[in-house]
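Novice: First the structure, then my questions, so here it is.
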Amino acid sequence: VFSKIFSHEALESYLPKIQLVIKDTLRAWSSNPEPINVYHEAQKLTFRMAIRVLLGFRIPDEELGRLFEVYQQFVENVFSLPVDLPFSGYRRGIRARETLQKGLEKAIQEKLQNTQGKDYADALDILIESGKEHGKELTMQELKDGTLELIFAAYATTASASTSLIMQLLKHPRVLEKLREELRSKGILHNGCICEGSLRLDNISSLHYLDCVIKEVLRLFTPISGGYRTVLQTFELDGFQIPKGWSVMYSIRDTHDTAPVFKDVDVFDPDRFEQGRSEDKDGRFHYLPFGGGVRTCLGKHLAKLFLKALAIELASTSRFELATRTFPKITLVPVVHPVDGLKVKFFGLDSNQNEILAGTDAMLGATV
C-alpha cells in the first residue's frame, strides 16, 4: 500500500505542491532581516511539506506552528529509555504523541468531510482507497498511525539532507554555478527565472549533474548511521559466527568511508558520479544512503525529488551567504546536522541581481 504513495504517478502529482512549499519558504527566509538557523528551518520546511503535500491537510499556519512544536517534543523523546515516570523524556514523548494524535484526528475528520477543490490524490487519499480495495476500511486509529508514520519518515532525514545540501553549496560556489549552467542548458533557467512549466518529473530526471550533487551530499553526509536487520540463518563473518534470530546493525557511514570504489572519500566531489567515473556502479552495496536489498527505503524517490526541487530553487532564485566566521562542526547522532544549525543569511533578488545570476560566467550565489 505504501509503495503506491511513492509511485511515479504520485510523485508527478506532488511536484507542483512541493515547489510551492519550497518557494514560499525561501521567500520567508529572504524576507528575514536576521540570519536563519538552517537546520531548524529545514525541519519546519519538511514538516510543512509532509502536512500540506503528503497528507493534504488544510491546517491554518498558526495551528500548524503549534503542531510543529508538539511534534518536535515527540521526536526529541522517541529514543528515551522506556521508564514511565513523571517528568521523564518517555512521559513527555507519550504526552506529545497523544496531543499530536488529537490534532491529526481533527485534520483527518475535516479532510474526510471536505473533498471539494482537490486537484490531486495525496498520500492519505491513496492509503484510504487502498484499504478499501483490499476490503478493509481503515479505522481512525490506523489512519492516525499511518499519518504519523508518514510525517516521521519525511521529517528528520530530509531536513538533515537539506541542511547538508545548503552547506555544500556554500562551501563550493563552483558547484552552484555548474548547477546553474545545467539549468540554463536545459531551458529551465532563463534571465534568472525558472521558465514556467519547465519543472516536470521527466525534466528533473534529465538533470544529470544535479543528480550527481544530490548523490554526493547523501554519500558524504548520510542522514542516518545505519539500519537493523534480523538474521534469518546463522552465518560467519570474518571468523565470527552470527546466530539465527540475532539483530544486527549495518553501518551506512562506515561503508561509504571504507568502500574501495570511492577515491578521496573526504572530498565533496559530485563528478565522481558522472558517467565517465561512476564510482557507485561497482558492487551492489558500496553506496547505500537509503539502505539496500528488499528493505530499502520506500520513500527514497520522494526524498531525492524534494532535494532536487530545493537545489533548483536555491540555484535559480536565491542568493545566500554564511553568517558566521567559520563553518560549524557536524554532529552525527542521531541525525547528521551542524552543531549550531548552520547560520545563513538569505537575500531577496531584485531585477539587477537576476541579470547577474543569468550571466554564464557568474560565480555568485554562495559568498563565504
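Novice: Tell me which residues, restricted to segment 67-93, are closer than 19 Å to residue 155 by Cα, part of a helix (DSSP H, G or I) and touching a residue at least 12 places away in the same chain (Cβ under 8 Å).
Specialist: Once the filter is applied, which keeps residues that are closer than 19 Å to residue 155 by Cα, part of a helix (DSSP H, G or I) and touching a residue at least 12 places away in the same chain (Cβ under 8 Å), segment 67-93 yields 67, 68, 70, 71, 72, 73, 74, 75, 76, 93.
Conditions tested, residue by residue: (1) of a type in the set (D, E, K, R); (2) in contact with a Gly (Cβ under 7 Å, 6 or more places away or on another chain); (3) open to solvent by less than 30 Å² (accessible area, probe 1.4 Å).
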| position | (1), (2), (3) |
| --- | --- |
| 65 | no, no, no |
| 73 | no, no, no |
| 92 | yes, no, no |
| 96 | no, no, yes |
| 115 | no, no, no |
| 151 | no, no, yes |
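Novice: Also: How many of the residues making up segment 209-233 are open to solvent by 70 Å² or more (accessible area, probe 1.4 Å) and over 26 Å from the mean Cα position of the chain (by Cα)?
Specialist: Of the residues in that region, 3 qualify.
Novice: Sort out for me the strands (runs of 3 or more DSSP E) sitting completely within segment 212-319 that have 1 or more residues that are under 30 Å from residue 38 (Cα atoms).
Specialist: Values: elements: 226-230, 235-237, 240-242, 247-251.
By residue number, 226-230, 247-251.
Novice: To continue, here is another question. Exactly one of (1) hydroxyl-bearing (Ser, Thr, Tyr); (2) part of a loop (DSSP other than H, G, I, E, B); (3) touching a residue at least 12 places away in the same chain (Cβ under 8 Å) is unmet by residue 99. Its number?
Specialist: Of everything listed in (1) hydroxyl-bearing (Ser, Thr, Tyr); (2) part of a loop (DSSP other than H, G, I, E, B); (3) touching a residue at least 12 places away in the same chain (Cβ under 8 Å), residue 99 misses just condition (2).
Novice: Residues in segment 196-208: is at least one under 28 Å from residue 323 (Cβ atoms) and open to solvent by less than 40 Å² (accessible area, probe 1.4 Å)? Show your work before the answer.
Specialist: In the first step, residues of segment 196-208 are kept if they are under 28 Å from residue 323 (Cβ atoms); the result is none.
No: zero hits.
Novice: Any idea which of (1) open to solvent by 70 Å² or more (accessible area, probe 1.4 Å); (2) within 28 Å of residue 40 (Cβ to Cβ) is the one residue 119 doesn't satisfy?
Specialist: (2)
Novice: Looking only at residues that are open to solvent by 20 Å² or more (accessible area, probe 1.4 Å) and touching a residue at least 40 places away in the same chain (Cβ under 8 Å) in segment 280-289, which one is farthest from the chain's Cα centre (by Cα)?
Specialist: Among those that are open to solvent by 20 Å² or more (accessible area, probe 1.4 Å) and touching a residue at least 40 places away in the same chain (Cβ under 8 Å), it is 280.
Novice: Restricting to segment 82-98, name every residue that is closer than 15 Å to residue 69 by Cα and basic (Lys, Arg).
Specialist: Listed by number, the residues that qualify are 92, 95, 97.
Novice: Looking at segment 111-130 only, could you name the residues that are within 27 Å of the chain's Cα centre (by Cα) and either over 15 Å from residue 52 (Cα atoms) or at pLDDT 85 or above (or both)?
Specialist: 111, 121, 122, 123, 124, 125, 126, 127, 128, 129, 130
Novice: A follow-up question, please. For residue 50, are the conditions met, namely being touching a residue at least 24 places away in the same chain (Cβ under 8 Å), open to solvent by 20 Å² or more (accessible area, probe 1.4 Å) and of a type in the set (Gly, Ala, Ser)? So that I can check it myself, show each step before the final result.
Specialist: On the way: touching a residue at least 24 places away in the same chain (Cβ under 8 Å): yes; open to solvent by 20 Å² or more (accessible area, probe 1.4 Å): no; of a type in the set (Gly, Ala, Ser): yes.
No: the conditions fail for residue 50.
Novice: Would you say residue 48 is of a type in the set (D, E, K, R) and at pLDDT 95 or above?
Specialist: yes
Novice: Give the residues of segment 122-140 that are open to solvent by less than 80 Å² (accessible area, probe 1.4 Å) and not in a loop (DSSP other than H, G, I, E, B), sorted by residue number.
Specialist: Correct list: 123, 124, 125, 126, 127, 128, 130, 131, 140.
Residue-wise test of (1) β-branched (Val, Ile, Thr); (2) under 30 Å from residue 202 (Cα atoms); (3) touching a Lys or Arg at 6+ places or on another chain (Cβ under 7 Å).
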residue	(1), (2), (3)
3	no, yes, no
14	no, yes, no
32	no, no, no
38	yes, yes, no
66	no, no, no
75	yes, no, no
79	no, no, no
85	no, no, yes
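Novice: Now, a different point. Let me confirm something: among 252, 242, which residue is in contact (Cβ under 8 Å) with a residue 24 or more places away in the chain, on the phi < 0 side of the Ramachandran plot and β-branched (Val, Ile, Thr)?
Specialist: Numbers: 242 fails: in contact (Cβ under 8 Å) with a residue 24 or more places away in the chain.
Answer to the check: 252.
Novice: Could you give every pair whose Cβ atoms fall below 7 Å, whose first residue belongs to segment 129-147 and is over 16 Å from residue 2 (Cβ atoms) and of a type in the set (Asp, Glu), and whose second residue is modelled with pLDDT under 90 and surrounded by 10 or more Cβ atoms within 10 Å (Cβ to Cβ), counting only separations of at least 6 or pairs across chains?
Specialist: Qualifying pairs under 7 Å: 137/131.
The values are calculated or read from the model by the stated rules, or taken from the named source; none is laboratory data. A quick note: this is a predicted structure, and the numbers were derived from the prediction, not measured. With ideal geometry, Cβ positions are generated from the backbone for all residues, glycine too; neighbour counts draw on all protein chains shown. Calculation scope for accessible area: heavy atoms of the full protein, side chains included, ligands and nucleic acids excluded. Shrake-Rupley method; radii C 1.70, N 1.55, O 1.52, S 1.80 Å.
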